[in-house]
Each structure stands twice: as structure tokens, then as C-alpha cells.
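Novice: Can you keep this structure in mind? I'll have questions shortly.
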Amino acid sequence: MASARQISGPCQAWPEDSAFIREVLDRIGDKWTVLAISTLSTGSLRYSDLQASIPGISQRMLTQTLKRLEQDGLITRTAYAEVPPRVEYELTDLGRSLLDAVTAMAGWAAAHHSEIAGNRAASELTGVGRGRTSVSASAG
């Protein structure tokens, strides 16, 4: 029985708590996080302005996303004692340090959406994994 091959990659360099690193990547790679962080790049915004600036996000999802970003220290929430109450969200230094990465991901998605849509349409016709076949040298 052959043993599993050791393959290099970022996971090999991670410490024992790599599950936490995967959790952070899951959080910062989430589409709503990417959109919220990039929307806040221009400065502090009120909740309603954030919601209006992120098409398709529900009130529940925006609230959850903002709470998680605040919990991770990526944004601050400032409540003003006014009538009616006013709350603003703003990126922290840690949140601003993510701007290049999230802007690059969003830009990549915008630049390649047509190509991906075409690939998905082609996959509908051929089925996933059926577009290409290779013949193994040991087949026979």
C-alpha cells in the first residue's frame, strides 16, 4: 500500500492551530465580507447607507456580517446619542490592511465573470469532469 504523498503548499507552513487560520480565511473570503470591507473603503457609513450600497444583502446578513467584522477587529461601530439614534461603521487599521486583497478579489471576479459564465454554460452541456479525458499509460 502506497503512503500519501507530501505536497508543499501554504498549509504545510501553518502552525498547529491551522483550523483557526482556515476559519479566518473563510470569514475574510466571504462575499458579504469582501463587499462590506470594500464599501467601507471610502470612510465611515451608516447602516442604511451600507445596505443601499451592497445589492442583494438582506438586513439579517448585513447585521451578522457587521457583528463578525467588529468581533474580529476589522471594523468599529460608533453609536451616537442622538434622536433618532445614529450608528456608523468604519474600517480599523486591521480592516484597511485587507483592502488590497478584497479589491483584487472583487476586481478579478468582475474581469472574469463572462469567462466563468461561459464555462458554467459549457459545463451544463458536458457535465462536470466530462469535458476532457486522458488515457493512462497503464490502461489496458
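Novice: Yes or no: segment 71-80 includes at least one residue that is closer than 30 Å to Ser48 by Cβ, of a type in the set (A, V, I, L, M) and at pLDDT 95 or above. Steps first, please.
Specialist: In the first step, residues of segment 71-80 are kept if they are closer than 30 Å to Ser48 by Cβ; the result is 71-80.
Right, trim to of a type in the set (A, V, I, L, M) and you get 74-75, 79.
Keeping just the survivors that are at pLDDT 95 or above gives 74-75.
Yes: segment 71-80 contains one or more residues that are closer than 30 Å to Ser48 by Cβ, of a type in the set (A, V, I, L, M) and at pLDDT 95 or above.
Novice: A further question follows. What tally of residues in segment 67-105 results from selecting those that are under 15 Å from Thr33 (Cβ atoms) and in contact with a helix residue (DSSP H, G or I) (Cβ under 7 Å, 6 or more places away or on another chain)?
Specialist: 14
Novice: Please name all residue pairs, on different chains or six or more residues apart, with Cβ atoms under 8 Å, provided the first residue is in segment 77-92 and is over 13 Å from Leu66 (Cβ atoms) and the second residue is among the acidic types (Asp, Glu) and surrounded by 13 or more Cβ atoms within 10 Å (Cβ to Cβ).
Specialist: Tyr80/Glu88
Novice: Would you check which residues across segment 30-84 are loosely packed, with under 11 Cβ neighbours inside 10 Å and within 18 Å of Thr103 (Cα to Cα) and list them?
Specialist: Thr42, Gly43, Pro55
Novice: Restricting to segment 85-111, and then to whatever is hydroxyl-bearing (Ser, Thr, Tyr) and within 16 Å of the chain's Cα centre (by Cα), can you tell me which residue is surrounded by the fewest Cβ atoms within 10 Å (Cβ to Cβ)?
Specialist: Start the filter on segment 85-111 by keeping residues that are hydroxyl-bearing (Ser, Thr, Tyr), which leaves 89, 92, 97, 103.
Subsequent filtering for residues that are within 16 Å of the chain's Cα centre (by Cα) retains 97, 103.
Details: Ser97: 11, Thr103: 14.
This residue is Ser97.
Novice: Could you check Ser8 against (1) surrounded by fewer than 11 Cβ atoms within 10 Å (Cβ to Cβ); (2) without any contact (Cβ under 8 Å) to a residue 40 or more places away in the chain; (3) under 21 Å from Ala101 (Cα atoms); (4) of a type outside the set (D, E, K, R) and say which number it fails?
Specialist: So Ser8 meets the others, but not (3).
Novice: Here is a follow-up. Restricting to segment 97-115, name every residue that is under 12 Å from Gly73 (Cβ atoms) and in contact (Cβ under 8 Å) with a residue 40 or more places away in the chain.
Specialist: Taking segment 97-115 as the starting set, the residues that turn out to be under 12 Å from Gly73 (Cβ atoms) are 97-98.
Within segment 97-115, just Leu98 meets the criteria.
Novice: Do you know which of the residues in segment 110-135 that are assigned to a helix (DSSP H, G or I) and among the aliphatic types (A, V, I, L, M) is modelled with the lowest pLDDT? Talk me through it step by step, then tell me what you get.
Specialist: Start the filter on segment 110-135 by keeping residues that are assigned to a helix (DSSP H, G or I), which leaves 110-126.
Now restrict to residues that are among the aliphatic types (A, V, I, L, M): 110-111, 116-117, 121-122, 125.
Values: Ala110: 91, Ala111: 95, Ile116: 92, Ala117: 91, Ala121: 89, Ala122: 87, Leu125: 83.
The extreme case among them is Leu125.
Novice: Got at least one residue in segment 16-29 being outside any helix (DSSP H, G or I) and in contact with a helix residue (DSSP H, G or I) (Cβ under 9 Å, 6 or more places away or on another chain)?
Specialist: Looking only at segment 16-29, we keep the residues that are outside any helix (DSSP H, G or I), and these are 16-17.
With in contact with a helix residue (DSSP H, G or I) (Cβ under 9 Å, 6 or more places away or on another chain) added as a condition, the list becomes none.
No: segment 16-29 contains no residue that is outside any helix (DSSP H, G or I) and in contact with a helix residue (DSSP H, G or I) (Cβ under 9 Å, 6 or more places away or on another chain).
The values are calculated or read from the model by the stated rules, or taken from the named source; none is laboratory data. Remember, it's a predicted structure, so these values are computed and weren't measured experimentally. Using ideal geometry, Cβ is built from the backbone for each residue, glycine included, and neighbour counts are taken over all protein chains shown.
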